[in-house]
Amino acid sequence: MKVRVYILILIFNFLFVNAQMKKIDYAKIEIEVPSNYNSPSEFKIENDNFSAQWIYLPAKSFSNNMKLEIFDQLGIELQSTEVEDIEFTSCNESFIGRKYFLEKSTLKYRILAFGIINEQPLILNLGFKNNPKNENEFDELILRFIKFK
């Protein structure tokens with residue numbers, strides 16, 4: 001009996017952990033996952049050069065104090081050697097955040113930003129292999145998440 005349960009768990013893990021999303025929902029905007037990207041969940045998309053994750057927030061908790069607390073805490077946890085304020089648009093909506101340089105990470109640059117898309121407050125967490133300073137280097141998917149002002 002224990003062996004059957006164990007086998008069922010293995011099968012379940014194989015089928016669902018390795019399943020990839022074909023579409024993601026980014027603040028009520030449906031985005032198809034390109035073939036050169038993986039999407040292990042509806043709130044994350046990634047490849048070797050870029051990653052995007054987002055977390056929806058209740059409107060009540062979307063305050064400047066909360067933003068500052070999260071920025072400060074993340075800076076400590078990431079052990080970033082360089083931090084820079086950043087503003088950009090995502091789906092034509094304004095986002096403010098910070099860009100962190102992570103020396104020991106594969107995706108060396110991390111942007112954590114706050115914004116509201118389709119009346120949905122969210123935290124956007126973007127990772128880049130190279131410094132995201134020129135959107136001419138971005139593919140079509142990345143441009144769905146970030147465009148510089």
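The values are calculated or read from the model by the stated rules, or taken from the named source; none is laboratory data. A quick note: this is a predicted structure, and the numbers were derived from the prediction, not measured. Cβ atoms come from the backbone with ideal geometry, glycine included; neighbour counts cover every protein chain shown. The protein model used for the area step is the full one, side chains on, heavy atoms only, and it has no ligands, DNA or RNA in it. Shrake-Rupley method; radii C 1.70, N 1.55, O 1.52, S 1.80 Å.
Before moving on, here are some points about what is shown:
- Any chance Phe148 is among the aromatic types (Phe, Trp, Tyr) and open to solvent by 50 Å² or more (accessible area, probe 1.4 Å): yes
- Among the residues making up region 120-149, those that are in contact with an Asp or Glu (Cβ under 9 Å, 6 or more places away or on another chain) and more than 23 Å from Lys23 (Cα to Cα) are Lys129, Asn130, Phe148, Lys149.
- Selection count where residues are modelled with pLDDT of 90 or more, under 21 Å from Ile123 (Cβ atoms), in a loop (DSSP other than H, G, I, E, B) and touching a Lys or Arg at 6+ places or on another chain (Cβ under 9 Å), scope region 34-49: 0
- Neighbours by Cβ (under 9 Å, 6+ apart or cross-chain): first from region 131-149, part of a loop (DSSP other than H, G, I, E, B); second charged (D, E, K, R) and open to solvent by 80 Å² or more (accessible area, probe 1.4 Å): Phe138/Lys147; Lys149/Glu87
- Residue match in region 5-25 (condition: modelled with pLDDT of 90 or more, open to solvent by less than 100 Å² (accessible area, probe 1.4 Å) and part of a loop (DSSP other than H, G, I, E, B)): no
- Here Lys108, Lys104, Lys147 are screened, and the one residue that is out of contact with any Lys or Arg (no Cβ under 8 Å at 6 or more places or on another chain) and over 21 Å from Pro34 (Cα atoms) is Lys104.
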